1. Return the pair list, or none, for Cβ contacts closer than 7 Å from residues in the range 204-228 that are touching a residue at least 40 places away in the same chain (Cβ under 8 Å) and closer than 24 Å to Pro101 by Cα to residues that are assigned to a helix (DSSP H, G or I) and hydroxyl-bearing (Ser, Thr, Tyr), at least 6 apart or on different chains.
2. Touching a residue at least 24 places away in the same chain (Cβ under 8 Å), surrounded by 18 or more Cβ atoms within 10 Å (Cβ to Cβ), at negative phi and charged (D, E, K, R): is that true of Arg170 in this structure?
3. Could you please give the count of residues in the range 288-309 that are among the hydrophobic types (A, V, I, L, M, F, W, C), surrounded by fewer than 16 Cβ atoms within 10 Å (Cβ to Cβ) and not in a loop (DSSP other than H, G, I, E, B)?
4. For the range 229-246, what are the residues that are in contact (Cβ under 8 Å) with a residue 24 or more places away in the chain and part of a helix (DSSP H, G or I)?
5. Check the range 310-330 and report whether any residue there is more than 17 Å from Tyr252 (Cα to Cα), among the aliphatic types (A, V, I, L, M) and either surrounded by 15 or more Cβ atoms within 10 Å (Cβ to Cβ) or modelled with pLDDT of 95 or more (or both).
6. Which residue pairs have Cβ atoms under 7 Å apart, sit 6 or more places apart or on different chains, and have a first residue in the range 109-121 that is closer than 25 Å to Gly131 by Cβ and without any contact (Cβ under 8 Å) to a residue 60 or more places away in the chain and a second that is exposed (fewer than 10 other Cβ atoms within 10 Å of the Cβ) and of a type in the set (Phe, Trp, Tyr)?
7. Starting from the range 265-279, take each residue that is under 15 Å from Tyr343 (Cα atoms) and touching a residue at least 24 places away in the same chain (Cβ under 8 Å) and list its partners that are part of a loop (DSSP other than H, G, I, E, B) and charged (D, E, K, R), counting only C-beta distances under 7 angstrom and pairs at least six apart or across chains.
8. Among the residues of the range 130-149, is there at least one that is more than 9 Å from the chain's Cα centre (by Cα), aromatic (Phe, Trp, Tyr) and closer than 23 Å to Leu195 by Cβ?
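The values are calculated or read from the model by the stated rules, or taken from the named source; none is laboratory data. Just so you know, these numbers come straight off a predicted model, no measurement behind them. Don't worry about glycine lacking a Cβ; one is built from the backbone with ideal geometry, like all the others, and counts go over all protein chains shown.
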Amino acid sequence: MTRLMLGRTLERICKAVLLLCLVHFLIMMILYFDVYSQRFDIFSRFNGRNFSRTHPYYNLSRPNGTFPTYLPAGDHFLPSTKPETNYTPTIKPVPPCPEVPPGLVGRLLIEFSSAMTLERVQKENPDVTNGGKYTPPDCKAKQKVAIIIPYRHRDHHLKYWLHYLHPILRRQKIDYGIFIINQYGEDTFNRAKLLNIGYTEVLKDAEYDCFIFSDVDLIPMDDRNLYHCYDQPRHFAIAMDKFGFRLPYAGYFGGVSGLTKVQFLKINGFPNEYWGWGGEDDDIYNRITLNGMKVSRPDVRIGRYRMIKHERDKHNEPNPQRFNKIQNTKASMKRDGINSLQYRVLEVTKYPLFTNITVEIGKPPPRPPRG
């Protein structure tokens, strides 16, 4: 009995061992075929790469590789819906700047009592680039505007002008550059000739579309007075405080004005022969009307300006010949202007808030004796 039970036990043990061996054999076979299939896949990839080199229009790469369908002429493959790993997102085109920028505030408080430094102005305008340049980051301006200032010994005024105008121009979404045309020496001042020089020199810097000519002592009191050019020559400063915020007379074109390149060349630029104070603005107005153009102006409530009070500059005394010259604009404008301009550039320096161009413009001709 004991031997019989021992035999049955040994039989069960042998069957269990045999079963374990069978299971082990099956596992080994499964692993073997799995490794073999991977090796086969490796060889197929290798052969696929070689095949694709000789037949570049096929793609056998796994896991999505298929033979492409040949399409009839004129058809195209549909773009893949799966993004590529080296995909670079396309930059959306910048929209045009609005006609009326939404950030304008309207009437401004302009005062000249607080101290002003260029360091302060620079901190207030960190996005203005070297040379006094600014481009709106969120829209594309329709015009590239050069603002030209005739200048000599007006550091105090320039600080206030930059303090107020940079923020105004940025709110107006103007693509602009500021150029100070500095007359060298102490000879008689010639505002209009400096403006001609400014027009000529800024075109060496970039291709500007609009040219705004501004005195350094005039600050706009309303940022809705947009500093860009129009279909007709533009007079911006139509209501100064020194004139009781009124236009002094119908033909007045002084202070701040703007012309396109076409308009400027049509009048042969500005006169070069007005030495000293007065007369050149009336000559420019005559040139505009004689060439079939009209002066455009903003609303009188918007075109208000405040002038920084100052004494008359030395060597800028009233020009006694101005009235006679104004009467002869029709005869002189073809020979006296941008086509007869002569000067010499002494220095061009780009500062953080403006570009300074120092020029030598010569001396006025001797005045004829009285009588």
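1. From residues that are touching a residue at least 40 places away in the same chain (Cβ under 8 Å) and closer than 24 Å to Pro101 by Cα, the pairs are Phe211/Tyr199; Ile219/Tyr160; Ile219/Tyr164.
2. Numbers: touching a residue at least 24 places away in the same chain (Cβ under 8 Å): yes; surrounded by 18 or more Cβ atoms within 10 Å (Cβ to Cβ): yes; at negative phi: yes; charged (D, E, K, R): yes.
Against the criterion (touching a residue at least 24 places away in the same chain (Cβ under 8 Å), surrounded by 18 or more Cβ atoms within 10 Å (Cβ to Cβ), at negative phi and charged (D, E, K, R)), Arg170 qualifies.
3. Step one: filter the range 288-309 for residues among the hydrophobic types (A, V, I, L, M, F, W, C), giving 288, 290, 293, 295, 300, 302, 307-308.
Still in the running and surrounded by fewer than 16 Cβ atoms within 10 Å (Cβ to Cβ): 290, 300.
Cutting the leftovers down to not in a loop (DSSP other than H, G, I, E, B) gives us 290.
Adding up the residues that qualify gives 1.
4. Asp241, Lys242
5. Among the residues of the range 310-330, not one is more than 17 Å from Tyr252 (Cα to Cα), among the aliphatic types (A, V, I, L, M) and either surrounded by 15 or more Cβ atoms within 10 Å (Cβ to Cβ) or modelled with pLDDT of 95 or more (or both), which makes the answer no.
6. Between residues of the range 109-121 that are closer than 25 Å to Gly131 by Cβ and without any contact (Cβ under 8 Å) to a residue 60 or more places away in the chain and residues that are exposed (fewer than 10 other Cβ atoms within 10 Å of the Cβ) and of a type in the set (Phe, Trp, Tyr), there is no close pair.
7. Pro271/Asp336; Asn272/Asp336; Glu273/Asp336
8. Within the range 130-149, none of the residues are more than 9 Å from the chain's Cα centre (by Cα), aromatic (Phe, Trp, Tyr) and closer than 23 Å to Leu195 by Cβ.
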